[in-house]
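The values are calculated or read from the model by the stated rules, or taken from the named source; none is laboratory data. Remember, predicted model here, so these are calculated numbers, not experimental data. All Cβ positions, glycine included, derive from the backbone under ideal geometry; neighbour counts span all protein chains shown. Only protein heavy atoms, including side chains, enter the accessible area calculation; ligands, DNA and RNA are left aside. Shrake-Rupley method; radii C 1.70, N 1.55, O 1.52, S 1.80 Å.
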Amino acid sequence: MHIWVLAEARDGQVKRISYELVTAARALDDSADVTAVLVGSGVGPLAGDLAAHGADRVLLVDDVRAAQYSPDGWGNLLARLAREDRPDVILGGATARGRDLTPRIAAGLGVGVASDAVEVGMAAGRLTAVRPIYAGKALARVVVHSDPQIATIRPNSYPPCERPAAGTVVAADAGDYVAGAVVTHLEAAASTRPDVAEADIIVSGGRGMAGPEHFALIEALADTLGAAVGASRAVVDAGWRPHGDQVGQTGKTVSPSLYIACGISGAVQHLAGMKTSKYIVAINKDPEAPIFSVADYGIVGDVFEVVPAVTEAVRALRAANG
Amino acid sequence: MNTVVLIKQVPDTATRIQDRTAKGRVDLSGVTWVVNPYDEYAVEEALRIKAAHGGTVTLIALGPERVASALKDMLALGADEAVQIVDPAFDDLGAQGTAAVLAAAIGKLPAPPDMIWAGWKGVDDDQGLVPIYLAHALGLPHVSFVVQVAIDGGRAIVQREVEGGKETVTTPLPAVFTAQKGLNEVRYASLKGIMAVKRKEIPAWDAAAIGVDPASIAPRAVETTEITPPPERPSGRILGGAPSDAARELVRLLHEEAKVI
Ligand SMILES: Cc1cc2nc3c(=O)[nH]c(=O)nc-3n(C[C@H](O)[C@H](O)[C@H](O)COP(=O)(O)OP(=O)(O)OC[C@H]3O[C@@H](n4cnc5c(N)ncnc54)[C@H](O)[C@@H]3O)c2cc1C
Ligand SMILES: Nc1ncnc2c1ncn2[C@@H]1O[C@H](COP(=O)(O)O)[C@@H](O)[C@H]1O
């Protein structure tokens, strides 16, 4: 089988999702010919990193005209290259980039997309996917009937591939490239913390934090863990935290390895966005709070006492382990 | 600046979701239907663009009869016109087919839109596909996850949310835009607005009216074969004792048992 993975790079670095997609491709067929597709200008040197993480081939479009991301420009370009290279399967990330570009390629090819999958497989020669619907209140198993078979995969669903492969570079040209919507500027968030959508650990605060100033406690715990800061909608709507931090049905749906909910009641819309986390910790003074029903570990208590105590205990653990 | 806003009607976010028939179809009997929350941001932005630049706001929804109520709710906020696309032949379209029908309907409007707004995804199937297929079908550029937009002559300068920051995108108009939370604060309908739409007739267009032969529409490419509840989470453990003891025990368990820190 011939599988394309849509690699992503930013600031001269390949993003981790690219390597996760290689693992997903290997899960479909361990002996597949996995081609990492990379577009941009001056991206050639990144081919080595893709090889180190399991790409058999790197399909490279290194062209100044395509230096800036454009959904229609890159989408039409990659649809044309897919018609020439004829992959059986195309996997993109369910990221801001992948959710934007992958459907545009699919539209160019006139085929469907299984979007935001947390698991992919093959059954009777067809791509299947498990995708949360209604923000994770249910799981849909889908089968993709059109060719090439396309899916986007949610970050953190597969570990990054660490098995090197040949990474043979195949250069493609951008042809008569035209772009309408073009990215002109990227403004990095002021914070150095990871983004909730990508983080491996998230510490979230809710109305129980009693005011924006008390999020310093959440941030201190997040920083000792190298975690992102998340929030319930109640605190986002109150203006305590930025919109981008909201977790839930109308915010980010996240699946980190650890989610720590502090002063969050656990409304259905919130649970929908974080229930697929590997481990959930709840800290809440109300023993009846619904958040405890999904928590692996819970502490019934006051966030103003418990959160700083947890931060302290993490520091002690780190100190003891050097 | 004429805008079209795409409206999807979805089950209320408090709805319990189950598949009683095991046929890959969610049981939607007794559901309360609401406007997709992201579409509300799209409508709000269109109304603000109209206030600043003039023009009209036209709503389009494809779906069964009940969808008219979603259009009325949004008309009451101040949109000018609404069109419902309703035809039994369109009952089970995939994202691509939905976009093809919406594209045909947009082609039947008296004036072509300068901007088409949509939600970034429906909070039902969580696909986030229709607006992008639509943009392609109309031969237009698109910008997704929009949190800010400024119009500058024949182009728009847009901020979109990405992991760890914001991208600025410049696009010529017309173009398709999808709304992300944070774009704006939505308004509520005034009593006057609600009264004004009570008697408003919403035109219903069928396949013939928009000139679409149902047989020409791409069949559903992604088929749901099964819907299951999410895996039950094993019942958790409450850690008691003084806050400092509970905290130490928690950190020990996360380190030694869960191995996540
Ligand atoms: C259409 C729609 C979409 C929505 N989407 C989302 C979404 O995406 N995400 C989301 O989060 N919500 C969403 N909601 C809102 C959701 O229904 C809840 O209102 C919200 O999640 C509540 O936030 P909270 O848990 O912070 O606040 P509350 O429900 O007020 O809970 C606060 C909790 O803090 C505890 N507490 C208070 N003081 C302390 C203390 N000192 N120490 C310890 N615990 C304390 C309380 O016991 C309580 O459990 C949505 C609602 C609607 C209608
Ligand atoms: N049947 C429909 N009628 C009108 N607009 C739709 C329809 N389906 C999807 N949309 C629009 O496309 C957006 C994304 O929907 P989806 O691709 O279904 O997740 C929605 O927020 C709507 O703005």
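On the stretch given as region B:198-229, residues that are open to solvent by less than 50 Å² (accessible area, probe 1.4 Å), in contact with a strand residue (DSSP E or B) (Cβ under 6 Å, 6 or more places away or on another chain) and in the same structural domain as B:Asp125 (by TED's automatic domain parsing) total 1. Within region B:248-261, if we keep just the residues that are assigned to a loop (DSSP other than H, G, I, E, B) and more than 7 Å from chain A (Cβ to nearest Cβ), the residue that is surrounded by the fewest Cβ atoms within 10 Å (Cβ to Cβ) turns out to be B:Lys259. Only one of the listed residues (B:Ala70, B:Ala104, B:Ala100) is touching a residue at least 60 places away in the same chain (Cβ under 8 Å) and either more than 18 Å from the chain's Cα centre (by Cα) or not assigned by TED's automatic domain parsing to the domain that holds B:Asp12 (or both). That residue is B:Ala104.
Restricting to region B:18-40, give me the number of residues that are within 14 Å of chain A (Cβ to nearest Cβ) and without any contact (Cβ under 8 Å) to a residue 12 or more places away in the chain. Residues in region B:18-40 being within 14 Å of chain A (Cβ to nearest Cβ) and without any contact (Cβ under 8 Å) to a residue 12 or more places away in the chain: 4 in total.
Which residues, taken from region B:161-183, are in contact with a helix residue (DSSP H, G or I) (Cβ under 8 Å, 6 or more places away or on another chain) and either at the interface with another protein chain (Cβ under 7 Å from one of its Cβ atoms) or over 13 Å from A:Gly180 (Cβ atoms) (or both)? The answer is B:Glu161, B:Ala175, B:Thr178, B:Ala179, B:Gln180, B:Lys181, B:Gly182, B:Leu183. Tally up the residues in region B:132-161 that are open to solvent by less than 10 Å² (accessible area, probe 1.4 Å) and touching a Phe, Trp or Tyr at 6+ places or on another chain (Cβ under 9 Å), please. Result for region B:132-161: 7.
Scanning region A:194-219 for residues that are open to solvent by 40 Å² or more (accessible area, probe 1.4 Å) and at the interface with chain B (Cβ under 9 Å from one of its Cβ atoms) yields a total of 3.
Counting the residues of region A:133-167 that are farther than 23 Å from A:Pro103 by Cα, at pLDDT 95 or above and either of a type outside the set (Asp, Glu) or buried (at least 21 other Cβ atoms within 10 Å of the Cβ) (or both) gives 7. Among the residues of region A:260-286, the ones that are near ligand 1 (Cβ under 6 Å from one of its atoms), over 20 Å from A:Pro308 (Cα atoms) and of a type in the set (A, V, I, L, M) come to 1 in all. Screening region B:140-155 for residues that are facing chain A (nearest Cβ under 9 Å) and of a type outside the set (Ser, Thr, Tyr) and picking the one that is nearest to B:Ala52 (Cα to Cα) gives B:Val147.
Look at A:Ser257 and say whether it is outside the structural domain of A:Ala135 (by TED's automatic domain parsing) and closer than 23 Å to A:Phe304 by Cα. No. Just checking, does region A:238-247 include any residue being away from ligand 1 (no atom under 13 Å from the Cβ) and over 29 Å from A:Ile133 (Cβ atoms)? Within region A:238-247, one or more residues are away from ligand 1 (no atom under 13 Å from the Cβ) and over 29 Å from A:Ile133 (Cβ atoms).
This table checks each residue for (1) at pLDDT 95 or above; (2) part of a loop (DSSP other than H, G, I, E, B); (3) farther than 23 Å from A:Ser293 by Cβ.
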residue: B:Ile202; (1), (2), (3): yes, yes, yes
residue: B:Ala207; (1), (2), (3): yes, yes, yes
residue: B:Glu223; (1), (2), (3): yes, no, yes
residue: B:Glu226; (1), (2), (3): no, no, yes
residue: B:Pro230; (1), (2), (3): no, yes, no
residue: B:Ala246; (1), (2), (3): yes, no, no
